[in-house]
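Written below as structure tokens is the structure these notes are about.
The values are calculated or read from the model by the stated rules, or taken from the named source; none is laboratory data. Treat the numbers as computed from the prediction; the structure is a model and nothing was measured. Positions of Cβ are backbone-derived with ideal geometry, glycine not excepted, and every protein chain shown enters the neighbour counts. Only protein heavy atoms, including side chains, enter the accessible area calculation; ligands, DNA and RNA are left aside. Shrake-Rupley method; radii C 1.70, N 1.55, O 1.52, S 1.80 Å.
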Amino acid sequence: MTTIITVDGPSGAGKGTISRKLAEETGFSLLDSGALYRVTALAALKQGVDIQDESAVVTIALNLPVVFETTIEDTKVVLADEDVSREIRTEKAGMNASIVAAFPGVRSALLQRQRAFAQEPGLVADGRDMGTVVFPQAQLKIFLTASPEERAKRRYLQLEQAGQNADMQSLIEEIRARDERDSSRATAPLTPADDAILVDSTALSIGEVNQRVFSLMKDRGLLP
Ligand code: DC
């Protein structure tokens, strides 16, 4: 059976960084499921579709012409031959993703596409419901959290590095609003799987989180 490691948690907890590092060091594939929701919302907007219209967004999700080109450094996200890697990473794109992600029809439309990422020798799946819904059979489930203030601080630094303006207070508010929407939706809410291991990264460096996850993989005989 393909080894699957799931990394779920709220936005800004460090899932993306940790998942990429794990994939790089194990040679496993990487699924950035958030990018799929981000691209779905973006594709809808580009086609002039109202992102509040569930059935129209479901049609978009089912026919999404998206390709992920993953290298060691990053993943290029190509939508209908257009590189949208940067466009899907804005705060606004994250909010829009959170809106379409609350529709059960959109979630089931994207299910098979996500499962298809599970290939030998293994997969690291980053998201909100990887361990609960998409890969309940995963051999290791991590639920990575950090305080909203710490997550806002990390996001602030990221935006600053990318040359974008950011305001700390509004970032904290946006993070809380997104947590609330992601945690309270009826379908696949953000919640740890019963068998997930909670890792609070508030006071940990990326290296420390990485070490922790690696030792869990080692304990379970999951290192290739
Ligand atoms: O991880 P991210 O910030 O790229 O995710 C963007 C939004 O997509 C997030 O607000 C919630 C949603 N999402 C989801 O509902 N389920 C996932 N597996 C991944 C993301």
Scan region 6-21 residue by residue and report those that are among the β-branched types (Val, Ile, Thr), out of contact with any Leu (no Cβ under 7 Å at 6 or more places or on another chain) and in a helix (DSSP H, G or I). THR17
Here the qualifying pairs (Cβ atoms under 6 Å; residues six or more apart or on different chains; first in region 24-41 and among the aliphatic types (A, V, I, L, M); second within 6 Å of the ligand (Cβ to nearest atom) and in a helix (DSSP H, G or I)) come out as ALA41/ALA97
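From the list LEU157, LEU171, LEU222, pick out the single residue that is within 29 Å of VAL57 (Cα to Cα) and not polar (S, T, N, Q).
Numbers: LEU157 fails: within 29 Å of VAL57 (Cα to Cα); LEU222 fails: within 29 Å of VAL57 (Cα to Cα).
Only one candidate qualifies: LEU171.
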Pull up region 21-66, narrow it to residues that are over 19 Å from GLN112 (Cβ atoms) and in contact with a strand residue (DSSP E or B) (Cβ under 6 Å, 6 or more places away or on another chain), then point me to the one that is surrounded by the most Cβ atoms within 10 Å (Cβ to Cβ). PHE28
Which one of these is surrounded by fewer than 20 Cβ atoms within 10 Å (Cβ to Cβ) and either within 14 Å of the ligand (Cβ to nearest atom) or of a type in the set (Phe, Trp, Tyr) (or both): LEU159, LEU123, LEU110? LEU159
Those residues of region 184-223 which are more than 16 Å from the ligand (Cβ to nearest atom) and basic (Lys, Arg), in sequence order: ARG212, LYS218, ARG220
Within region 69-98, of all residues that are in contact with a Phe, Trp or Tyr (Cβ under 9 Å, 6 or more places away or on another chain) and open to solvent by 30 Å² or more (accessible area, probe 1.4 Å), the one farthest from the ligand (Cβ to nearest atom) is LYS76
Name the residues in region 91-132 that are among the hydrophobic types (A, V, I, L, M, F, W, C) and within 20 Å of GLU54 (Cα to Cα), would you? ALA93, MET95, ALA97, ILE99, VAL100, ALA101, ALA102, PHE103, VAL106, ALA109, LEU110, LEU111
Number of the exception - ARG154 against (1) more than 11 Å from the ligand (Cβ to nearest atom); (2) within 24 Å of GLU54 (Cα to Cα); (3) basic (Lys, Arg): (2)
How many residues, within region 177-212, are open to solvent by less than 30 Å² (accessible area, probe 1.4 Å) and either without any contact (Cβ under 8 Å) to a residue 24 or more places away in the chain or within 19 Å of VAL134 (Cβ to Cβ) (or both)? 6
Could you tell me which numbered condition GLU24 fails, if it satisfies all but one of (1) charged (D, E, K, R); (2) under 23 Å from THR187 (Cβ atoms); (3) outside any loop (DSSP other than H, G, I, E, B)? (2)
Does any residue of region 3-13 turn out to be open to solvent by 70 Å² or more (accessible area, probe 1.4 Å) and modelled with pLDDT under 95? no
